[in-house]
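Q: Sending over a structure as C-alpha cells; questions will come in a sec.
The values are calculated or read from the model by the stated rules, or taken from the named source; none is laboratory data. If you're wondering where the values come from, they're calculated on a predicted model, not measured in any experiment. Note: ideal-geometry Cβ built from the backbone for every residue, glycine included; neighbour counts use all protein chains shown. These area figures cover heavy atoms from the full protein model, side chains too; ligands, DNA and RNA do not enter into them. Shrake-Rupley method; radii C 1.70, N 1.55, O 1.52, S 1.80 Å.
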Amino acid sequence: QVQLVESGGGTVPAGGSMGLSCTASGNIDDLRVLAWYRQPPGKQRVMVASVTTSGRTGYSESVTGRFSISRDIAKNILYLQMNSLTPEDTAVYYCHGIGVQAIYWGQGTQVTVSS
C-alpha cells in the first residue's frame, strides 16, 4: 500500500503562483508514475502533469509553460509549481500514483483562483 498526502492549496488571485506538495509513504518502491490531477467544479477529473521514475515529465496542454512538476526522491515528495494562475485553474487537485500492483490517490486539496 502507498499513502499520498497533499499539502498546499488555498486561494490565490489571478496571475499569482502557488505550490502543492504530495508526500508518499508506504510501499513507494511500487510506484512507477506520479501525477497531479484536478477536478474543476462539476467537471471530470483530468491529468495535469506527470513524472515517471526515470524523470520524464508530461503536461496537459492547458498548463504547459505555466505548471512544473518535480520530485524530491530522497524525501518522497512530489511537487507542483503553478504560475500565471487563472480562474479556470480552480479545482480540487489530487496526487496520483501508478504502481505495479495498484493505483493510488491522495485526498485532494482545493485551489481557488480569484478573479
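Q: Identify all residues within the range 53-69 that are in contact with a Leu (Cβ under 8 Å, 6 or more places away or on another chain) and modelled with pLDDT of 95 or more; write none if there are none. Write out each step before concluding.
A: Here is the first cut: in the range 53-69, the residues in contact with a Leu (Cβ under 8 Å, 6 or more places away or on another chain) are 53, 66-69.
R66, F67, S68, I69 - these are the residues of the range 53-69 that are in contact with a Leu (Cβ under 8 Å, 6 or more places away or on another chain) and modelled with pLDDT of 95 or more.
Q: Take the residues in the range 102-115 that are part of a loop (DSSP other than H, G, I, E, B) and over 12 Å from the mean Cα position of the chain (by Cα), then tell me which one is surrounded by the most Cβ atoms within 10 Å (Cβ to Cβ).
A: A102
Q: Can you name the residue in the range 18-29 that is open to solvent by 30 Å² or more (accessible area, probe 1.4 Å), of a type outside the set (S, T, Y) and assigned to a strand (DSSP E or B) and is also modelled with the lowest pLDDT among such residues?
A: Result: G26.
Q: A further question on this structure: List pairs: first residue in the range 79-103 and within 19 Å of G58 (Cα to Cα), second residue of a type in the set (D, E) and at pLDDT 95 or above anywhere in the structure, Cβ distance under 6 angstrom, at least six positions apart or on different chains.
A: C95/E6
Q: A further question follows. Answer yes or no: is there a residue in the range 30-43 that is without any contact (Cβ under 8 Å) to a residue 60 or more places away in the chain, small (G, A, S), surrounded by fewer than 18 Cβ atoms within 10 Å (Cβ to Cβ) and over 14 Å from T112 (Cβ atoms).
A: Yes, the range 30-43 has at least one match.
Q: Checking the structure you have, find out if any residue of the range 1-9 is within 17 Å of D89 (Cβ to Cβ), of a type in the set (S, T, Y) and in a strand (DSSP E or B).
A: Restricting attention to the range 1-9, the residues satisfying the condition of being within 17 Å of D89 (Cβ to Cβ) are 6, 8-9.
Next cut, of a type in the set (S, T, Y) only: none.
No, that holds for no residue.
Q: Turning to a different aspect of this structure: Select from the range 1-17 the residues that are open to solvent by less than 50 Å² (accessible area, probe 1.4 Å) and within 12 Å of the chain's Cα centre (by Cα) and list them in ascending order. I'd like the intermediate steps shown before the answer.
A: Step one: list which residues in the range 1-17 are open to solvent by less than 50 Å² (accessible area, probe 1.4 Å), which gives 2, 4, 6, 8-10, 12, 16.
Within the range 1-17, L4, E6, G8, G9 qualify.
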